[in-house]
Amino acid sequence: IMSTIAQIKEAVEAWAKEDEKFESGNNAAGTRARKALAEVGKLIKARRNEITAEKNARKEAKASK
């Protein structure tokens, strides 16, 4: 679980670096920034699924007591 959070942080940092380069006029950095944002989106979806699975597991554990 923590690895997903760390991956999200790394992807956001990568996006921020590339976005800064893009804003200063580097068009190729724009492509890399978009790729980084796509990766952030995938990781966020994965984390959402992890949270849902944990929530459901807690609900089942509570129900079985």
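The values are calculated or read from the model by the stated rules, or taken from the named source; none is laboratory data. Small disclaimer: the values here were computed from a predicted structure and weren't measured. Backbone-built Cβ (ideal geometry, glycine too); neighbour counts: all protein chains shown. Note: accessible area is taken over every heavy atom of the protein model, side chains too, but ligands, DNA and RNA are not part of it. Shrake-Rupley method; radii C 1.70, N 1.55, O 1.52, S 1.80 Å.
Show the residue pairs meeting these rules: Cβ distance below 9 Å; 6+ apart or different chains; first residue within the stretch 15-27 and under 17 Å from ALA38 (Cα atoms); second residue assigned to a helix (DSSP H, G or I) and among the acidic types (Asp, Glu). Going by the 9 Å Cβ cut-off, the qualifying pairs are TRP15/GLU39. Given the structure, is LYS59 in a helix (DSSP H, G or I), open to solvent by 90 Å² or more (accessible area, probe 1.4 Å) and either in contact (Cβ under 8 Å) with a residue 60 or more places away in the chain or not acidic (Asp, Glu) (or both)? It is true that LYS59 is in a helix (DSSP H, G or I), open to solvent by 90 Å² or more (accessible area, probe 1.4 Å) and either in contact (Cβ under 8 Å) with a residue 60 or more places away in the chain or not acidic (Asp, Glu) (or both).
Looking across the stretch 23-65, just one residue is among the small types (Gly, Ala, Ser) and touching a Ser or Thr at 6+ places or on another chain (Cβ under 9 Å), and that is ALA46. Residues of the stretch 22-50 that are under 22 Å from the mean Cα position of the chain (by Cα), more than 17 Å from VAL12 (Cα to Cα) and surrounded by 12 or more Cβ atoms within 10 Å (Cβ to Cβ): GLU50 alone.
Take GLU18 and decide whether it is surrounded by 12 or more Cβ atoms within 10 Å (Cβ to Cβ) and assigned to a helix (DSSP H, G or I). So GLU18 fits the description; yes.
For SER3, indicate whether it is over 18 Å from the mean Cα position of the chain (by Cα), open to solvent by 70 Å² or more (accessible area, probe 1.4 Å) and either at negative phi or among the aliphatic types (A, V, I, L, M) (or both). Give the steps one after another, and end with the answer.
Working: over 18 Å from the mean Cα position of the chain (by Cα): no; open to solvent by 70 Å² or more (accessible area, probe 1.4 Å): yes; either at negative phi or among the aliphatic types (A, V, I, L, M) (or both): yes.
Criteria not met by SER3.
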